[in-house]
Structure formats: C-alpha cells, structure tokens
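S.K.: My questions will all concern the structure given below.
The values are calculated or read from the model by the stated rules, or taken from the named source; none is laboratory data. What you see is a predicted model; the values in this text were computed from it and never measured. Please note: Cβ atoms are built from the backbone with ideal geometry, for glycine as well, and neighbour counts cover all protein chains shown. With ligands, DNA and RNA removed, areas are computed over all heavy atoms of the protein, side chains included. Shrake-Rupley method; radii C 1.70, N 1.55, O 1.52, S 1.80 Å.
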Amino acid sequence: MKRDIILAGVGGQGILSIATVIGFVVVDQGLYLKQAEVHGMSQRGGDVQSNLRISSDPIYSDLIPAGQADLIISVEPMESLRYIPFLSRTGWLITSTAPYVNITDYPENDVLMNEIRKVKNHIAIPADTIAKEIGSPRSSNIVMLGAASAYLDLPFEKLEEGIQKIFGKKGEKIVESNLKALHAGRDFAKSYIA
Amino acid sequence: MENQKVLLLGDEAIAQGAIDAGASGFYAYPGTPSTEIMEYVQHSKEADEGNIHRQWSANEKTAVESALGMSYAGKRTVACMKHVGVNVAADPFVNSGVTGANGGLIVVAADDPSMHSSQNEQDSRFFANFSLIPCLEPSNQQEAYDMMFYGMDFSEKFKTPLLMRITTRLAHSRSGVVLKSKRPQNSLKLPEDGRQFVLLPSISRKRYKLLLEAQTKFVEESENSPFNVYTDGADKSLGVIACGIGYNYYMENFPSGSPNPVLKIGQYPAPRKLIERMAKECKTILVIEEGMPLLEENLRGFMNAPLEIKGRLDGTLPRDGELNPNLIRIGLGLSDNTGNDVPEVVKLRPPAMCTGCSHIDTYKALIETVKDVYGDGHVFSDIGCYTLGAYPPYEIINSCVDMGASVTMAKGAADAGLFPSIAVIGDSTFTHSGMTGLLDAVIENTNMILFILDNSTTAMTGGQKSHAYGKIKDICIGLGVNPEHVREVVPLPKNHSEFVNIIKEELEYNGLSVIIPTRECIQTIGKKK
Ligand SMILES: Cc1ncc(C[n+]2csc(CCOP(=O)(O)OP(=O)(O)O)c2C)c(N)n1
C-alpha cells in the first residue's frame, strides 16, 4: 500500500488539520508516514503545502517525487493547480471551489474552473457552502477530507475515530459537527462522480 | 517512554533526543527552520520536571556562549539556530573548537536550501569544516534523535563541541521515532585543566595543536561511525556518495536497492578509508549533497582528481537550490517523471502583512512623509514581518541584509550625506543586534531617524517572547539618545495625522531621533483569545 498526498492551500487556512486526522489513522494502522510541512514566512498568507506520504514499506524521501502524487487535496482552487507537475497520470485532484483572494491578479472563476476540469480525475467541491449548510462553517477542511476519503485507502470508520480523538478535547458538539462534515464531504464526492 | 514510537518533526526529534540524552539546558534564538526545537522543549513536561534551561537568548552569539558556559560547568547542552545565526555566533563557535568542551555540547544549525524563509542558502557544514569541529548530518528523524545520544557521548569522550547540521525538509517533516531510555543529567563538574578555556595566545597555540592532532581520531571515528555506511553494488561503473537527506532522494529512485555502490555519509570529517575504497572500485563518483558542494570540491581537489567526479559542479545536479528525488533521476540519466506543467492561470502568492497589522500604519505614515516627498531610496529595513513592506502596494523599503543592518546602514548612508536617512527595525531584531549600532549613531549624533516597530513579539517566526518587551524606550535613553527625540506613537488609522506630524518634526531635527510605534501583533492577540 502506498499513498502520496499533497495538501494545498493558503497560509492560515489550516490544511494541517486534515493531515492530523490522516496521521492518526496511519499510526493506528501501523503504516509508515512522512509528513513534510511548511513553517515560516509563507504562513503569512502565501501558498503553503504539505507532502503526506503513507506506505506499508519504509519511506525514504520526505518529499513526494514529481509526477508521483496519488492525490492533491486543496482547500483553495488556484492552489490546487500549483502542484499539477506532482500529480501522477492516474492521480486525483480534489479541490474546494471557494477562492481565497489576497492578490490583485487572481484569475477569473471560469478560467480557473476550466483548468480544473482539464484534469481527468477531479472533484470540485463547494466545501465552504456545504460546511455552512450543515451549520458548521469552520469544518470545511473536514468536508474536504470526507470528499477525499474514498481515495485514501484507509478505513472510513478509522477516520471517524480519528476525528473523535483529535477534536474530543474541544467537546462533544465540535466532534459531532466535524463528523457531519466528514459524511457530507463523502456524500458529495459520491454524487459528483456518479 | 522507552521503546515507544512517536510522530515527531525533525526539530522535535532533536529536542526529545537531547532531553533523553540528559541535556540540562537549551539556548536558542528563533529562526526558521530551527524554531520548533526550543518550542518543543518549552512545552515539554519532562523538561519542566528536569528543570532544563529553555528560555530564548537575545541572539545566537549569546546562545552559543551560554551553552559553552554550561558545558564548562560540566553539563550537557544544546544551542540551536538557523544557518545565518551561525554567522552571528561564529566567534564563540569557531573558538569553542580551540577551547574544546567539558560537558557535552552540540550546536544545531538548520540550513534552508532554496531559501524558503531566508536571505541565503549557506551550508553550515563549512563552519564545522574550517573550525575543525566534527559534524553530524542526520538523514531522517530517527537518526536525528539517536545522534543526540551519540553526539553527547562523542563530545564528552573527545572533549569537543559538535555541530549538527539539518535542512528545512528534515526540520519540518514528521515521522515515527522510537525512543530510548532516558539518561540522567550530569552533575556540576569543572574542567580538569583550569586553563583550558583561557585563549591567550600562548595557551591557544597549544590547544590548537591538540585540536589538529585530534583530527586523526575524528576521521577514525567517522570511518567506524554507524552513520557512515558503505553498501556494495554490482554496477561499479558509478559509485554514489550521498550526504544527509541526499541519501533519501537517491534511494527513493531504487526501492528494491541501489544497483551501484553507495556510501551514505552522516558524520564528518569525511570517512577517508570508505571514500578511498569507492575511488579504488569505481571509475566515476557522483556526490549528492543537500546544500553546497563541500565534499565534492574536496574530492575534486584543485587540479582535479584522476577519477571522474560528478555532482553540483559539473551540472549533473543543479548548482543551487534544494534537491529532490526527480533531480537525482535526471542526474543519473533516468527518465524525468514530472507531470503536466503548472497552468498559466496560477499566479504567485507571496506572503503579506496581515489585515490590521500595526506595521501597515507605520508604512502609510512613511509613504506620506518620506517616499512621496523625497522619492525612493531612503528607508533601510531589517528582518521581520515589516520586510514584507517591500511588496506592493507599499514598496517602501530599500534594504534587508542581516539582523541589525538597518540601523548601521542608515548611519553609513547618513555619513555619506543621504537625507533623510531612515531605518526600520522590529523590537526583537533591535535587541538581537540593533542596540550596538544605535550606540554608534548616538556617539556621533547622526542625522537619521530610527523606527523601532514594537509589536511586543517576534512575529515573523511565530510569536516568540521578545527580549525587548516593555524596555525599548528605556534602552534608547540608556544608550544616550536625547529623550526629547525618543517619540512614541500608537500606529492606528485614527492616529495617522499625529504619526505624520511626529515624523515631520523629527525630519526637521538635525540629529538622531528614535520613533517607537507601539501596538501588539494581531496574531498574538488572536492566539490569546
Ligand atoms: C541571524 C538571524 N537570526 C534569526 C533570523 C530569523 N528571523 C527573521 S525575522 C525574525 C523575527 C523578527 O522579529 P521582530 O524584529 O520583532 O519583527 P516582527 O516580525 O515581530 O515584525 C527572526 C527571528 C534571521 N533572519 N537571522
């Protein structure tokens, strides 16, 4: 088993919450993990990514080799495209459609969506809207995780367990809304490709 | 915790390794990618229970000196910094090679190839090399952890400091680390030779000879080190020497084993015998180093070695920047696996000052009073969040060189006749290296204005406590700045005209002024909520 995942977004969007849940499951399953994060300057509103590598065999490189990523999970549409050179020919691009505009030359929405549709295997998901609809606007990252869950090769119940463990400290209500977000994301992805 | 497997960043593995290896103190100044070492120790319950020293230092020089003092007193200690911090600490570091250590002493330098968050991509191994200090370079988180035990033992056995060199990818990548059983801290024990640390020329000359003699033993240790491993391979047309994480990038391309002989290097001085074996058995050697071509240059020699050396210097690998598995593939003549190009619609997204940041209000006042009036070229900046004022829409600063340089560059430019000459520095950078420069300006009452942007924190590196907190005005007056020209202002949009007036008044004054805009960083306020 091997999964190379690029998590993408803008500094401050909290992509590492996705990594934390996956990390919990990976350790629980006794798999190997390497997770390269971005700390430092880019966290001030610049582009950030994390390379998450999961394998049943020991992993050498902390960085995913070009053209080998199985998945790009992005919480921002333009950022999802920045890592295209890393995506394998059979890989999936799963992105939120909610733009984060903090630059003056941000592309038009149509142009952006056109590029995303050019990727054969893609899921574009209005994660922010879905999170709002289920009454949990701050769980859009977990909606993204739900949308990607079918492609992780990790048991879904374990992701649920991970959410319970990681958000448990914050109270039952937060756990509930994140579980709801996970399910909503998964359901959306199912209907998207159906 | 023994035998437990935990997920740790490379930085955290170093911190936990040193705690478990019996360190009594950590000394550091924040700097990406090294910051998380100290932050981990500050949050560690074990460090608290063990009463391990874990306060930030004013700068990297004070950090290494304090660590040297703790080593003098017989205890184990670690000093941590980013690569450019080693420049600041170079004086005590280089001289610590000559004094040697007493309690275990490891200096950790975190390099940043490709300059993700830095001014340059210097390679700290060069410092170890010319200081004749042994160097460790882990290839993964587990090695980083284990090397703290190994390094402390080495340091105490040979009475020498050690440098551990890591790079961004290891520092900020998480992986499973198996912990060892914890060792007790040392008790107080002064050096046996009371003059070991007295570097008077007559003593230094003796100590330097001892350091030179020790090199033979250091090389022997490297040749037998568990971190320098020779693995034979069938195809001897090429031998590969891979240092630190360069080894991972090479092996990533050969999941079922390398076809060529590979020498993995994690300890310096370079293991001579192992390299000689490779030179004897292989016609060509490829040297893979993350950072600068240190070993490659040594192997080539000035007249070029009789055997062919490939690496960063002949274009097999790029001369600069971070390595990755694909660059190694290309260097080996294998297929380039890169996917499709980044679509053109993807624009650059540089970091920016946060909405509501106090630095923005300072820059708006400076644009109105300096940039719009005198044109460009008058604002010397320093290193911190305010450096982002170089980007649009502000484009107000004209320099960023090294910590503290704003003050002294403004002074030099004023000496040359530039008017107005303005310096902009953050509170943490001011106490790191700005105070001495300000004293230079005080002595000559230089006609310049220094802005000390007090946001009560070290914001750029994530909001560490600043030594300057609540002290800046007193420091300036104490250094001798005329109190009438030490001005305070709260940088807020509603105070814009007050701010502008203060600047205009100080521009009128023919002498040294300090303006201290004071308002807390909105990120640290947010975190407290
Ligand atoms: C010698 C050296 N040490 C550390 C750093 C890392 N560094 C860059 S900016 C910065 C913080 C600056 O804090 P401050 O001056 O208070 O400005 P702020 O970011 O809070 O605006 C640090 C520690 C560096 N670039 N050089």
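S.K.: Any residue that is within 16 Å of the ligand (Cβ to nearest atom) and either free of Cβ contacts under 8 Å to residues at least 12 places away in the same chain or of a type in the set (A, V, I, L, M) (or both) - is there at least one of those in the stretch B:505-515?
M.R.: Scanning the stretch B:505-515, I find at least one residue that is within 16 Å of the ligand (Cβ to nearest atom) and either free of Cβ contacts under 8 Å to residues at least 12 places away in the same chain or of a type in the set (A, V, I, L, M) (or both), so the answer is yes.
S.K.: Which of the residues spanning the stretch A:40-96 are under 24 Å from residue B:140 (Cα atoms), touching a helix residue (DSSP H, G or I) at 6+ places or on another chain (Cβ under 7 Å) and of a type in the set (Phe, Trp, Tyr)?
M.R.: Within the stretch A:40-96, A:60 is the sole residue that qualifies.
S.K.: Further question on the same structure: Looking only at the stretch B:462-474, filter to residues that are closer than 18 Å to residue B:61 by Cβ and surrounded by fewer than 23 Cβ atoms within 10 Å (Cβ to Cβ); which one of those is nearest to the ligand (Cβ to nearest atom)?
M.R.: Among residues in the stretch B:462-474 that are closer than 18 Å to residue B:61 by Cβ and surrounded by fewer than 23 Cβ atoms within 10 Å (Cβ to Cβ), the one nearest to the ligand (Cβ to nearest atom) is B:464.
S.K.: While we're looking at this one, here's another question. Do we have any residue at all in the stretch B:432-448 that's away from chain A (no Cβ under 14 Å), within 14 Å of the ligand (Cβ to nearest atom) and acidic (Asp, Glu)?
M.R.: So far as the stretch B:432-448 goes, no, none of its residues is away from chain A (no Cβ under 14 Å), within 14 Å of the ligand (Cβ to nearest atom) and acidic (Asp, Glu).
S.K.: So residue B:423 ticks every box in (1) buried (at least 23 other Cβ atoms within 10 Å of the Cβ); (2) within 17 Å of residue B:401 (Cα to Cα); (3) near the ligand (Cβ under 9 Å from one of its atoms) but one. Which box is left unticked?
M.R.: Failing condition for residue B:423: (3).
S.K.: I want to confirm something. Restricting to the stretch B:212-261 and keeping residues that are within 14 Å of chain A (Cβ to nearest Cβ) and in a helix (DSSP H, G or I), which single residue is surrounded by the fewest Cβ atoms within 10 Å (Cβ to Cβ)?
M.R.: Out of the qualifying residues, it is B:251.
S.K.: Looking at (1) away from chain A (no Cβ under 14 Å); (2) hydroxyl-bearing (Ser, Thr, Tyr); (3) open to solvent by 10 Å² or more (accessible area, probe 1.4 Å), which is the only condition residue B:168 fails?
M.R.: Going through (1) away from chain A (no Cβ under 14 Å); (2) hydroxyl-bearing (Ser, Thr, Tyr); (3) open to solvent by 10 Å² or more (accessible area, probe 1.4 Å) one by one, residue B:168 breaks only (1).
S.K.: Can you report the number of residues in the stretch A:82-105 which are farther than 21 Å from residue B:340 by Cβ, at the interface with chain B (Cβ under 8 Å from one of its Cβ atoms) and in contact (Cβ under 8 Å) with a residue 24 or more places away in the chain?
M.R.: Adding up the residues that qualify gives 1.
This table checks each residue for (1) buried (at least 24 other Cβ atoms within 10 Å of the Cβ); (2) more than 11 Å from the chain's Cα centre (by Cα).
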position: B:83; (1), (2): yes, no
position: B:91; (1), (2): no, yes
position: B:96; (1), (2): yes, yes
position: B:100; (1), (2): no, yes
position: B:115; (1), (2): no, yes
position: B:126; (1), (2): no, yes
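S.K.: Sticking with this one: Any idea which residue in the stretch B:87-113 is farthest from residue B:214 (Cα to Cα), counting only those that are assigned to a helix (DSSP H, G or I) and not β-branched (Val, Ile, Thr)?
M.R.: My answer is B:87.
S.K.: Could you check the stretch A:148-194 and list, in sequence order, the residues that are assigned to a loop (DSSP other than H, G, I, E, B), of a type in the set (A, V, I, L, M) and open to solvent by 60 Å² or more (accessible area, probe 1.4 Å)?
M.R.: A:194 - this is the single residue of the stretch A:148-194 that is assigned to a loop (DSSP other than H, G, I, E, B), of a type in the set (A, V, I, L, M) and open to solvent by 60 Å² or more (accessible area, probe 1.4 Å).
S.K.: For the stretch A:25-119, list the strands (runs of 3 or more DSSP E) that sit wholly inside it and hold at least 2 residues that are surrounded by 22 or more Cβ atoms within 10 Å (Cβ to Cβ) and small (Gly, Ala, Ser); which are they?
M.R.: A:69-74, A:87-96
S.K.: List the residue pairs whose Cβ atoms are under 9 Å apart, where the first residue sits in the stretch B:490-502 and is touching a residue at least 60 places away in the same chain (Cβ under 8 Å), the second is among the hydroxyl-bearing types (Ser, Thr, Tyr) and part of a helix (DSSP H, G or I), and the two are 6 or more positions apart or on different chains.
M.R.: Listed pairs, sorted by first residue: B:491/B:358; B:491/B:362; B:492/B:358; B:499/B:362; B:499/B:369; B:500/B:369.
S.K.: State yes or no: is residue B:144 in contact (Cβ under 8 Å) with a residue 60 or more places away in the chain, in contact with a His (Cβ under 9 Å, 6 or more places away or on another chain) and open to solvent by less than 10 Å² (accessible area, probe 1.4 Å)?
M.R.: No; evaluated as a whole, the condition is false for this residue.
Here's the yes/no breakdown for (1) modelled with pLDDT of 95 or more; (2) touching a Leu at 6+ places or on another chain (Cβ under 9 Å); (3) surrounded by fewer than 19 Cβ atoms within 10 Å (Cβ to Cβ):
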residue: B:480; (1), (2), (3): yes, yes, yes
residue: B:489; (1), (2), (3): yes, no, no
residue: B:492; (1), (2), (3): yes, no, yes
residue: B:495; (1), (2), (3): yes, no, yes
residue: B:519; (1), (2), (3): yes, yes, no
residue: B:524; (1), (2), (3): no, no, yes
residue: B:529; (1), (2), (3): no, no, yes
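S.K.: Right, another one. May I ask you to verify whether residue B:384 is away from chain A (no Cβ under 13 Å) and small (Gly, Ala, Ser)?
M.R.: no
S.K.: Given the conditions (1) out of contact with any Pro (no Cβ under 7 Å at 6 or more places or on another chain); (2) more than 8 Å from the ligand (Cβ to nearest atom); (3) not polar (S, T, N, Q), and given that residue B:402 satisfies all but one, which numbered condition is not satisfied?
M.R.: Status for residue B:402: all satisfied but (2).
S.K.: Those residues that are under 23 Å from the mean Cα position of the chain (by Cα) and open to solvent by less than 10 Å² (accessible area, probe 1.4 Å), I need them from the stretch B:433-449; list them, please.
M.R.: B:434, B:437
S.K.: Does residue B:351 fit the bill of being at pLDDT below 95, open to solvent by less than 40 Å² (accessible area, probe 1.4 Å), part of a loop (DSSP other than H, G, I, E, B) and within 13 Å of chain A (Cβ to nearest Cβ)?
M.R.: yes
S.K.: Still on this model: Kindly list, by first and then second residue, each pair from a residue in the stretch B:23-43 that is modelled with pLDDT of 95 or more and of a type in the set (Asp, Glu) to a residue that is open to solvent by 10 Å² or more (accessible area, probe 1.4 Å) and in a helix (DSSP H, G or I), limited to pairs with Cβ atoms under 8 Å and residues at least 6 apart or on different chains.
M.R.: Close Cβ pairs satisfying both conditions: B:36/B:12.
S.K.: Would you confirm whether or not the stretch B:375-397 contains a residue that is away from the ligand (no atom under 16 Å from the Cβ), assigned to a helix (DSSP H, G or I) and open to solvent by less than 10 Å² (accessible area, probe 1.4 Å)?
M.R.: No, the stretch B:375-397 contains no residue that is away from the ligand (no atom under 16 Å from the Cβ), assigned to a helix (DSSP H, G or I) and open to solvent by less than 10 Å² (accessible area, probe 1.4 Å).
S.K.: If residue B:452 meets every condition in (1) away from the ligand (no atom under 12 Å from the Cβ); (2) under 33 Å from the mean Cα position of the chain (by Cα); (3) of a type in the set (A, V, I, L, M) apart from one, which number is that one?
M.R.: The failed condition is (1).
S.K.: Still on this model: Which residue pairs have Cβ atoms under 7 Å apart, sit 6 or more places apart or on different chains, and have a first residue in the stretch B:443-460 that is acidic (Asp, Glu) and a second that is in a strand (DSSP E or B) and more than 6 Å from the ligand (Cβ to nearest atom)?
M.R.: Correct list of pairs: B:454/B:516; B:454/B:517; B:454/B:518.
S.K.: Is the stretch B:44-64 home to any residue that is within 11 Å of the ligand (Cβ to nearest atom), aromatic (Phe, Trp, Tyr) and at pLDDT 95 or above?
M.R.: Yes, the stretch B:44-64 contains at least one residue that is within 11 Å of the ligand (Cβ to nearest atom), aromatic (Phe, Trp, Tyr) and at pLDDT 95 or above.
S.K.: Here's another thing I want to ask about it. All but one of (1) closer than 19 Å to residue B:491 by Cβ; (2) away from the ligand (no atom under 14 Å from the Cβ); (3) touching an Asp or Glu at 6+ places or on another chain (Cβ under 8 Å) hold for residue B:408, so report the exception by its number.
M.R.: With respect to (1) closer than 19 Å to residue B:491 by Cβ; (2) away from the ligand (no atom under 14 Å from the Cβ); (3) touching an Asp or Glu at 6+ places or on another chain (Cβ under 8 Å), residue B:408 is out only on (1).
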